[in-house]
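Structure first, commentary second.
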Amino acid sequence: MGIGAVRFHSWCLVCFFSFLPPPPGPRPLRAQLIKHTHKPTHDIKPTYRASVPSDTLLGSSRSHSTNNTMDPEENYALTEALVGGGENGTSSADISMGSTDHQNITATKKCSSRIRNLPTLFFIVTPMIIFSAVLFISTALIPTTTSSSSSSKQGTSLRDSMINYLAENMMPYDAPNSLALGFSKLNHQSKVDGLSDGIVNQTVYYSIQAKNLYSWTDSIPHDVYMEYVLPYAVLTEPRTDHRPLFFDALKNILKQYERSSIVNNTQSTQDQIKDVVKLINTRLWAQMGRDSKPIVFKASQTPRIYDPLSVIAYGYSSCTGLAIMLLSALRSVGIPARMAGTPAWYGDPSKGDHSWVEVYVVSNETGKGGQWIFLEPTPGIAEGTEDTANADNLDRDPCKRWFCKANRFNGSTKVYATRYDKQAAIFFPMAWAEGDKGVMGEDRTNYYSEVCGKCK
């Protein structure tokens with residue numbers, strides 16, 4: 001029986017016992033006294049010294065001296081007054097019969113009061129005892145249920161907060177298709193045949209699964225996770241359901257990094273992230289390639305082929321499509337990633353543009369924030385002219401990358417990184433959509449001018 005049923009039946013019992021009419025109690029002491037004093041023995045005539053008005057006790061105007069003798073009828077009337085008042089509402093009297101007799105009368109009155117109160121006390125105390133027992137049993141049974149319920153509520157709360165974040169910062173391109181994307185579930189408007197289960201719900205689901213599966217997600221700040229892991233899109237690329245595809249494809253590759261497999265692993269979180277990024281950048285392209293052919297670089301494909309599913313289907317893309325594919329794969333396993341790039345070398349659109357990936361790497365020092373480190377998708381190293389057998393990684397010297405040179409970052413080349421938060425101050429400029437302000441961004445020019453300005 002579940003805890004809900006236990007509580008329900010217990011409350012039913014409490015209510016049942018609480019509202020039962022009182023059972024016949026012991027015969028009132030008053031009636032007993034009246035029975036015994038109605039026909040007293042005439043040979044025994046006690047004397048009473050009364051301090052109450054004679055008309056109150058006996059209903060007459062006759063006054064009594066200290067040694068007045070009472071007949072049986074007077075004795076009966078006096079008993080009525082002593083027990084609790086006669087039928088006319090007479091009050092109790094203070095009568096003294098010597099020390100012993102006075103104590104007996106006082107004890108008799110107390111006993112009478114207690115006996116009369118027994119039924120009331122019984123039916124007040126009994127429900128309280130039952131309620132206390134039910135409360136104790138419920139408290140003993142609650143922990144396991146509460147733990148499960150608490151976990152469920154936390155999962156629901158996280159899911160709702162993720163969907164709300166995506167909805168609040170939705171790109172303008174997605175507003176007309178918000179219902180088809182899955183935002184209808186904000187109003188809990190579930191439909192049959194999965195019609196309301198758009199890619200948003202899949203993205204949120206696998207974002208939570210990544211947190212459950214990989215321990216490095218514990219070290220990712222919440223705002224960073226929401227901004228650079230959760231989003232289902234990067235730029236203006238077609239919205240496709242690629243998150244489950246990457247999550248499942250990489251699960252076997254990353255088996256050794258699952259929580260259950262790293263119990264005795266002494267590797268730092270930072271080193272784990274770096275190793276995983278290199279592993280994915282090494283194996284992703286062959287893993288997702290078709291007909292045993294790895295995905296390769298091919299220039300001038302944006303904006304035709306640059307969403308992950310199109311890249312997989314065609315087997316190639318230019319730098320933008322490869323960057324979106326790599327960062328989407330990293331996000332699918334809970335690693336924050338974003339696109340970085342320049343819309344125009346030297347500020348001149350005729351010189352071309354370029355895109356790459358930045359990864360958020362946590363610090364090994366407690367209390368110190370992480371940092372963004374950049375790399376290129378392996379098929380796009382040197383735009384396909386470098387040996388891709390040696391995958392790019394986060395520990396690689398920045399100056400080894402073909403574009404990271406001082407002459408390119410002399411102040412004329414602007415670099416930006418993508419954002420999702422609408423509160424961002426600037427927009428991410430896209431060479432194929434000049435003037436478009438639908439993608440939020442962050443200016444990274446100073447960082448690259450400092451890092452690449454040292455490279456010859």
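The values are calculated or read from the model by the stated rules, or taken from the named source; none is laboratory data. On a predicted model such as this, the values are computed, not experimentally measured, just so you know. For neighbour counting, all protein chains shown are included, and Cβ atoms are generated from backbone atoms with ideal geometry for every residue, glycine included. Just so you know, the surface numbers come from the protein's heavy atoms only, side chains and all, with ligands and any DNA or RNA stripped out. Shrake-Rupley method; radii C 1.70, N 1.55, O 1.52, S 1.80 Å.
Residue count for segment 224-256 under the criterion of being touching a helix residue (DSSP H, G or I) at 6+ places or on another chain (Cβ under 6 Å) and assigned to a helix (DSSP H, G or I): the result is 6. Looking only at segment 307-334, how many residues end up being in contact (Cβ under 8 Å) with a residue 60 or more places away in the chain and over 15 Å from Pro377 (Cα atoms)? Result for segment 307-334: 5. Looking across Ile273, Ile262, Ile295, one residue alone is in contact (Cβ under 8 Å) with a residue 24 or more places away in the chain, surrounded by 20 or more Cβ atoms within 10 Å (Cβ to Cβ) and closer than 23 Å to Asn364 by Cα. It is Ile273. Only residues that are open to solvent by 20 Å² or more (accessible area, probe 1.4 Å) and either under 16 Å from Met339 (Cα atoms) or assigned to a helix (DSSP H, G or I) (or both) were counted across segment 303-313, and they come to 5. Within segment 401-408, does at least one residue satisfy the condition of being among the hydrophobic types (A, V, I, L, M, F, W, C), open to solvent by 10 Å² or more (accessible area, probe 1.4 Å) and touching a residue at least 40 places away in the same chain (Cβ under 8 Å)? There is at least one residue in segment 401-408 that is among the hydrophobic types (A, V, I, L, M, F, W, C), open to solvent by 10 Å² or more (accessible area, probe 1.4 Å) and touching a residue at least 40 places away in the same chain (Cβ under 8 Å). Filtering segment 314-354 to residues that are buried (at least 23 other Cβ atoms within 10 Å of the Cβ) and among the charged types (D, E, K, R) leaves Arg331, Arg338. If I ask for residues that are more than 17 Å from Trp356 (Cβ to Cβ) and in a loop (DSSP other than H, G, I, E, B), which ones from segment 287-299 would you list? Listed by number, the residues that qualify are Met288, Gly289, Asp291, Ser292, Pro294. Take the residues in segment 413-454 that are buried (at least 16 other Cβ atoms within 10 Å of the Cβ) and of a type in the set (S, T, N, Q); name whichever of them is nearest to the chain's Cα centre (by Cα). Ranking the candidates gives Thr418 first. The residues in segment 192-210 that are assigned to a loop (DSSP other than H, G, I, E, B) and either at pLDDT below 60 or among the hydrophobic types (A, V, I, L, M, F, W, C) (or both) can be counted, and the count is 1. Out of (1) over 18 Å from Ser332 (Cα atoms); (2) surrounded by fewer than 16 Cβ atoms within 10 Å (Cβ to Cβ); (3) more than 28 Å from the chain's Cα centre (by Cα), what's the single condition that is false for Thr236? All conditions are met except number (2). Against the test of being among the aromatic types (Phe, Trp, Tyr), in contact with a helix residue (DSSP H, G or I) (Cβ under 9 Å, 6 or more places away or on another chain) and touching a residue at least 60 places away in the same chain (Cβ under 8 Å), the options Tyr346, Tyr360 yield a single qualifying residue, Tyr360.
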